[in-house]
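K.L.:
My questions will all concern the structure given below.
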Amino acid sequence: MIEQTTFPEALKILPLGGLGEIGMNCMILEYQDEILVVDCGLLFSDLEHFGVEFVIPDFTYLIERKDKVKAIIATHGHEDHIGAISFLLKAGINCPVYASSFTTLLLKEKLKEHVHLSATDIRTFKMGETIPFTHFKVTTVSVNHSIVDSAALIIDTPVGKVIHTGDFKIDPTPFYGQTLDKSVFAKAGQEGVLLLMSDSTNVERCEHSMSESIIYQKFEQLFAAAQGLTLVSMFASNVGRMGQVFSLAKKLNKKIALSGRTMEQNVRLGMEAGYLKGAQSQVISLDEIRDYPRNEVIVLSTGSQGEYRSALVRVACGEHRQVKLQAGDTVLMSSKFIPGNERAIGQMINNLFKQGAEVLYESIHDIHVSGHATRPELKQMLELCKPKFFIPIHGEYRHLVHHSKLAAEVGIPVENIVLATSGDVIELTENSCKIVDRLEEGRVLVEGRDGKDISKVILKERRQLGEKGVVFSLMVRNAETRKIIAGPEIITRGLADQATENELVYHAKRLVKKVSDEYDSQVEQGAVDMDLQETIRVELRRYFNAQTGKKPTVLPIVLDL
Ligand SMILES: [Zn+2]
């Protein structure tokens with residue numbers, strides 16, 4: 001753990017997550033007795049089959065300095081930016097949370113689930129507002145992204161101006177909100193930006209990102225031509241996309257049914273935040289779908305990632321009570337296929353086709369645009385801000401590398417570009433920006449919404465059970481005579497089919513009996529150097545490994561009554 005810095009007057013920058021991975025964004029800015037936390041998100045886990053729902057940063061560093069933590073500032077309402085705030089608050093960090101209007105509503109909804117967090121001091125900021133702290137002055141700047149009310153932060157610090165872009169793109173025609181005001185960044189650039197930290201997600205894409213409004217024309221053609229029901233799946237947080245569906249439905253005289261709990265919730269919150277005006281009068285219940293001609297109904301649905309038991313997966317399997325697809329219906333998957341989810345999504349698309357529907361998705365149809373800046377926009381951001389130092393953030397390692405190279409191309413000296421990953425401790429002064437140390441282990445695996453940690457040991461055990469199966473052995477003996485009263489019984493799981501199992505179990509029982517007899521004879525000779533249960537465990541494991549090629553978890557019990 002780091003206590004000493006090389007420069008006491010340096011600003012310490014510590015990414016707890018989001019650098020070297022997409023997700024779990026959390027950045028600490030620390031100056032003397034004050035810490036600001038920019039974003040605090042989670043990472044959806046690819047270990048769901050072991051019960052790990054998601055991953056959050058390890059907050060030890062903050063907990064050890066909890067009196068210094070003065071604010072959590074959320075740049076926008078995506079889960080990878082706000083999803084771990086409740087965990088940080090529950091860990092005993094007691095400070096206000098600053099968020100934009102829509103982010104505030106999402107946060108309140110999340111914190112409602114935790115009784116003692118419902119009183120959290122959430123301070124809603126307006127775009128352009130400056131929030132003063134002891135050593136920092138944070139000015140929020142509206143940026144375009146795939147969720148409304150997204151902000152970049154211009155932070156005046158004692159060592160100089162630091163810009164954190166949050167997630168952004170430069171959209172000349174967003175459906176909601178203003179266009180990104182380049183002059184604000186240009187002005188900061190003229191005043192002098194010491195450090196820029198910028199979103200790296202789409203650095204591999206060379207074309208300028210498409211505007212959100214492109215979707216409007218695409219959807220209009222498709223909605224107008226619909227012969228049957230139209231189902232649109234998207235992220236429930238994409239209020240701008242929803243707004244376009246509502247607007248078109250009004251224009252084309254169609255009704256909208258909402259499928260999925262978060263979709264219902266976020267349409268409500270979107271209206272509360274001042275978007276989706278008049279949406280209420282357009283919404284029908286799922287039960288009412290049958291009361292309308294099919295081509296006059298649009299279903300807005302969650303489940304675009306093929307999530308287990310999500311609304312769309314149930315529709316695809318024909319198991320949704322109210323939404324049944326048939327020939328002539330169209331499904332528009334208006335979202336990105338997040339890496340890692342391709343198999344589940346592919347399966348879902350196959351099943352949607354099996355229901356008779358036509359399915360359109362990003363790889364064959366332009367019905368989704370990304371919310372992240374591509375190379376030309378990232379270059380513009382670098383050129384506007386003209387930072388002395390640069391740290392690429394929000395991206396997998398290769399994205400950070402490419403973004404570093406881009407920064408070098410626009411003229412930032414290579415020695416002023418810091419390629420850091422989560423856990424690195426960076427020190428920034430007027431004249432230097434460098435990694436000075438590294439925190440140990442930086443992530444916590446979370447089981448379930450209540451946030452129970454899963455330790456590495458448990459995870460290893462689950463993996464072991466899943467991959468190699470389990471053998472349970474029970475034997476009851478008379479404590480005095482050591483005669484076997486019951487057993488040995490052997491049960492196996494996940495090792496072999498029934499017929500083979502019977503065969504294996506027969507021999508395994510004989511093996512346990514043999515070990516037990518050996519133990520007895522040692523006792524009779526007055527020299528026991530054998531741990532009976534442990535020997536049974538080792539022998540059974542060896543036996544099953546020889547027979548099946550797997551080393552199962554063996555749980556032997558010898559009860560002496
Ligand atoms: Zn985002």
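Since every read-out is calculated from the coordinates, none of them should be taken as a lab result. Everything numeric here is computed off the predicted structure, so don't read it as measured data. With ideal geometry, Cβ positions are generated from the backbone for all residues, glycine too; neighbour counts draw on all protein chains shown.
K.L.:
Hey, which of these cross-link pairs are over 29 Å Cα-Cα: Lys169/Lys218; Lys90/Lys169; Lys108/Lys434? Kindly include the intermediate steps, with their values, before the conclusion.
P.N.:
Numbers: Lys169/Lys218 20 Å; Lys90/Lys169 33 Å; Lys108/Lys434 37 Å.
Cα-Cα > 29 Å for Lys90/Lys169; Lys108/Lys434; rest within.
K.L.:
If you rank Met333, Met381 by fewest surrounding Cβ atoms within 10 Å, what's the result?
P.N.:
Met381, Met333
K.L.:
Ok, one more. Using 7 Å Cα-to-Cβ label points, what is the Glu461/Leu117 separation (nm, one decimal)?
P.N.:
The modelled label-to-label distance comes out at 2.7 nm.
K.L.:
Next question. If the cut-off is 17 Å between C-alpha atoms, which aspartates and glutamates fall inside it for Lys66, apart from same-chain ones fewer than 8 positions away?
P.N.:
Of all the aspartates and glutamates, those that pass the test against Lys66 - Cα under 17 Å, at least 8 places apart if same chain - are Glu3, Glu30, Asp33, Glu34, Asp39, Asp58, Asp121.
K.L.:
Using a cut-off of 15 Å between beta-carbons, work out the net charge of the residues near Val418 (Lys and Arg +1, Asp and Glu -1, Val418 not included).
P.N.:
Once all neighbours under 15 Å are counted, the net charge is +1.
K.L.:
Right, something else. Length gain on complete extension for the stretch Gln265 to Val410, per 0.36 nm per residue less the alpha carbon to alpha carbon distance?
P.N.:
Residue separation times 0.36 nm, minus the Cα-Cα distance, leaves 47.8 nm.
K.L.:
Something else about it: For Gln533 and Leu474, compute 0.36 nm times the residue count separating them, minus their Cα-Cα distance, and round to one decimal in nm. Kindly include the intermediate steps, with their values, before the conclusion.
P.N.:
Numbers: separation 59, 0.36 × 59 = 21.24 nm, distance 0.99 nm.
Additional length available on full extension: 20.2 nm.
K.L.:
Now for a different question. How far is the Cα center of the range 50-125 from the Cα center of the range 491-561, in Å?
P.N.:
Taking the Cα centre of the range 491-561 as reference, the centre of the range 50-125 is 50 Å away.
K.L.:
May I ask for the angle, rounded to the nearest 10°, between helix 342-354 and the longest principal axis of the chain, with both axes built from Cα atoms and the value confined to 0 to 90°?
P.N.:
80 degrees
K.L.:
Now for a separate question. Along Cα→Cβ, 7 Å out, is where each label goes; now give me the distance between the ones at Asp287 and Glu430 in nm to one decimal.
P.N.:
It works out to 7.1 nm between the two label points.
K.L.:
Here's something else I'd like to know. If one takes the longest principal axis of the Cα atoms in the chain, at what angle in degrees, from 0 to 90 and to the nearest 10, does the Cα axis of helix 532-548 lie?
P.N.:
Long axis of 532-548 versus the principal axis of the chain: about 70 degrees.
K.L.:
Given an 8 Å cut-off on Cα distances and at least 6 residues of separation, report the relative contact order of the chain as a percent. The partial results should precede the final answer.
P.N.:
Working: 1198 pairs, mean separation 85.6, N = 561.
So the answer I get is 15 percent.
K.L.:
Here is a further query. In vacuo Debye scattering of the chain, one point per C-alpha: log10 I(q)/I(0) at q = 0.05, 0.06, 0.08, 0.13 Å⁻¹?
P.N.:
Listed by q, the Debye log ratios stand at -0.29, -0.41, -0.66, -1.22.
K.L.:
With each run of n ≥ 4 DSSP H residues scored as -39500 (n - 2.57), what mean residue ellipticity at 222 nm is computed for the chain after dividing by its residue count and rounding to the nearest 500 deg cm²/dmol? Could the numbers behind the result be given before it?
P.N.:
Values: 15 runs with 171 residues, N = 561.
The helix contribution divided over the chain gives -9500 deg cm²/dmol.
K.L.:
Sticking with this one: Spin-label point model (7 Å from Cα, Cβ direction): what's the Asn94 to Lys513 distance in nm?
P.N.:
6.7 nm
K.L.:
Quick one: helix 397-409 against the long Cα principal axis of the chain, what's the angle to the nearest 10°, folded into 0 to 90?
P.N.:
30 degrees
K.L.:
Using 0.36 nm times the number of residues separating Gln525 and Arg443, minus their current alpha carbon distance, what extension gain do you get? Let's see the in-between values first.
P.N.:
Working: separation 82, 0.36 × 82 = 29.52 nm, distance 5.38 nm.
Residue separation times 0.36 nm, minus the Cα-Cα distance, leaves 24.1 nm.
K.L.:
Rounded to the nearest 0.05, what FRET efficiency is calculated for Asn502 and Glu342 with R0 set to 41 Å and r the Cβ-Cβ distance? Working shown, then result.
P.N.:
Working: r = 40 Å, r/R0 = 0.98.
Here the calculated transfer efficiency is 0.55.
K.L.:
Next up: Give the separation of the Cα centroids, the range 173-248 to the range 413-446, in Å.
P.N.:
When both Cα centres are located, 31 Å separates them.
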